[in-house]
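Q: Pasting in a structure now, in structure tokens, and then I'll have a few things to ask.
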Amino acid sequence: MSTFEEITELLGLEYPKTQIVKRYLKACVSLSRYDRVKTGNSKDIRNVAQYHFEDIIAISDSVRRAVDIAKKYAVDDTIAQIYIEGEKGTGKSMFAQAIHNYSNSSELPFILINCISKPFDILEKELFGYEEEGEVSQGVFELANNGTVCINGVSELPLSTQKRLFDMLDSRSFTRISGNEVIHLQARVIVTNYKNSESLLEQNLFDEKLYHLLMKTPVNVPSLSERMEDFIPLIENMKQRINRTDIEFTDEVISYLKSYKWVGNVKELYNVITYLSFLEDSPIQLDSLPFYLRSNAKKEESNKVDVQREIISKIEEHGFLDESIEILSTFIEGKKVHTSYGRKALKKCLEEKGLNISEQQLRMRLEVLHDIGLTIVRQGRAGSTISRKGEAFIKEYKKNAAITEAKEVINTIE
């Protein structure tokens, strides 16, 4: 009996008959094995700087700039604290580890403290250490010695702890909780946080003094949407990391993944690629994607259809859809060669295509297209051109027309 057959039996479920359910269960089983392999090691990888700058995919200018700045900070021993800012899942921890490994302290400890989902009193003790009833416990700032302490999600700390952190960084000294001994801070401190620091300041969730101190040496890690040149190289790198370089994707899937809004950024993309690596599909198609992605794709497609119908309906109210399509197509052709058209020039182009309409009729057509937002009318002799909305409309219209024509041809053959 296979592993996922055993799981369905243990859960009291009927053995799945459909391939899609089988595929899903096999992926879940494999993912659970992957987690066990990753977490089964007794060594806590959170406290090991395993990433280097060579591991960061940096084809895009935005990531290259971030890497260059981070390297500059890493080798400058006079820089005692570094602030890494970026959205969730952008790879801030990877940058922190790379900075440590590039620094002169690379052989010394690297300790990561995650401020998310930990009780505040425990966090403060972990950071600064404590003295209770004769017992002394060192915090990470002592344990790191001359190495690096990375505080992940600093704005999750209460303001009182943030102020204590500022005082320590500003004076380069601190005391343990309930202690009196002044301890000199020898470690470099890297602080990470999500974007919207200014908003956090306004909401009084980020200590102002700490913010201004940290902003002296910032590293901004761009979101996935800001580094689309890295998208395909990132996927290829992920395939290598999970040892599945044989995974292929259809052009439709790649196009959709590029257009998708990755709220979880690179981390979310990695999770999706990992999930797909356990499926047997090749190449990966839209139906192979996780449910939430498939649902979003269908919703987007439905929204496109609704927009198309609305635009076509508005044009047809005036009864000249074919002429409007020809006008917009002419504008697109002109835009490719950086040419816009006045009415006379446009009328001449249309006549060369076999469409004869009067100047009055053309003016009326152009007014409607402009009112719908499909064209842009410039002042003076600059002429008119197509808008982005118009480009999207005509592209989708022609794609749908081609699909309809292909179906008609197939039906004729049958």
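The values are calculated or read from the model by the stated rules, or taken from the named source; none is laboratory data. If you're wondering where the values come from, they're calculated on a predicted model, not measured in any experiment. Note that each Cβ is placed from the backbone with ideal geometry, even for glycine, and that neighbours are counted across all protein chains shown. Areas reflect the complete protein model, heavy atoms only, side chains present, ligands, DNA and RNA absent. Shrake-Rupley method; radii C 1.70, N 1.55, O 1.52, S 1.80 Å.
Q: Any idea how many residues of the stretch 151-165 are farther than 18 Å from GLY179 by Cα and either outside any strand (DSSP E or B) or of a type in the set (Gly, Ala, Ser) (or both)?
A: Start the filter on the stretch 151-165 by keeping residues that are farther than 18 Å from GLY179 by Cα, which leaves 151-159, 162.
Next cut, either outside any strand (DSSP E or B) or of a type in the set (Gly, Ala, Ser) (or both) only: 153-159, 162.
Looking only at that region, the number is 8.
Q: If you don't mind, another one. State all residues of the stretch 186-214 that are in contact with a strand residue (DSSP E or B) (Cβ under 6 Å, 6 or more places away or on another chain) and of a type in the set (A, V, I, L, M, F, W, C); if no residue qualifies, say none.
A: Across the stretch 186-214, the qualifying residues are ALA187, VAL189, ILE190, VAL191, LEU214.
Q: State the number of residues belonging to the stretch 376-396 that are within 17 Å of GLU316 (Cβ to Cβ) and at pLDDT 80 or above. Steps first, please.
A: From the stretch 376-396, those within 17 Å of GLU316 (Cβ to Cβ) are 390, 393-394, 396; that's our starting set.
Narrowing further to those that are at pLDDT 80 or above: 390, 393-394.
Total satisfying the criteria: 3.
Q: Still on this structure, I have one more. Can you pull out every residue in the stretch 170-222 that is of a type in the set (Val, Ile, Thr) and closer than 28 Å to GLY134 by Cβ?
A: Residues of the stretch 170-222 that are of a type in the set (Val, Ile, Thr), as a first pass: 175, 177, 182-183, 189-192, 217, 219, 221.
THR175, ILE177, VAL182, ILE183, listed by residue number.
Q: For the stretch 175-224, what are the residues that are open to solvent by less than 40 Å² (accessible area, probe 1.4 Å), β-branched (Val, Ile, Thr) and free of Cβ contacts under 8 Å to residues at least 60 places away in the same chain?
A: ILE177, ILE183
Q: Please count how many residues of the stretch 48-73 are in a helix (DSSP H, G or I), open to solvent by less than 90 Å² (accessible area, probe 1.4 Å) and either over 16 Å from PRO218 (Cα atoms) or in contact with a strand residue (DSSP E or B) (Cβ under 8 Å, 6 or more places away or on another chain) (or both). First the steps, then the outcome.
A: So the first thing to find is which residues in the stretch 48-73 are in a helix (DSSP H, G or I), and the list is 53-55, 61-73.
Checking the rest, the ones that are also open to solvent by less than 90 Å² (accessible area, probe 1.4 Å) come to 53, 55, 62-63, 66-67, 69-71, 73.
Filter once more, keeping what is either over 16 Å from PRO218 (Cα atoms) or in contact with a strand residue (DSSP E or B) (Cβ under 8 Å, 6 or more places away or on another chain) (or both): 53, 55, 66, 69-70, 73.
Total meeting the criteria: 6.
Q: Please give the helices (runs of 4 or more DSSP H) falling wholly within the stretch 205-276 in which 3 or more residues are at pLDDT 95 or above and not charged (D, E, K, R). Even if it seems obvious, please write down each step before you answer.
A: Numbers: elements: 208-214, 231-241, 251-259.
The helices (runs of 4 or more DSSP H) meeting that bar are 208-214, 231-241.
Q: I'd like the full set of residues that are part of a helix (DSSP H, G or I) and exposed (fewer than 14 other Cβ atoms within 10 Å of the Cβ), limited to the stretch 308-320. Walk me through it before giving the result.
A: Looking only at the stretch 308-320, we keep the residues that are part of a helix (DSSP H, G or I), and these are 308-316.
Residues satisfying the conditions are ARG309, GLU310, SER313, GLU316.
Q: Given the conditions (1) closer than 17 Å to ILE113 by Cβ; (2) at pLDDT 95 or above; (3) of a type in the set (Asp, Glu), which single one is not true for GLU156?
A: (2)
Q: Right, here's the next one. What residue, among those in the stretch 138-152 that are among the small types (Gly, Ala, Ser) and in contact with an Asp or Glu (Cβ under 9 Å, 6 or more places away or on another chain), is nearest to VAL191 (Cα to Cα)? Please lay out each step first, then the result.
A: Applying the first criterion (among the small types (Gly, Ala, Ser)) to the stretch 138-152 yields 139, 144, 147.
From what's left, in contact with an Asp or Glu (Cβ under 9 Å, 6 or more places away or on another chain): 139, 147.
On the way: GLY139: 16, GLY147: 14 Å.
My answer is GLY147.
Q: Whether any residue in the stretch 251-263 is within 16 Å of the chain's Cα centre (by Cα) and open to solvent by less than 10 Å² (accessible area, probe 1.4 Å) is what I want to check.
A: Kept after step one, since they are within 16 Å of the chain's Cα centre (by Cα), are these residues of the stretch 251-263: 254-263.
Narrowing the set further to residues that are open to solvent by less than 10 Å² (accessible area, probe 1.4 Å) leaves 257.
Yes.
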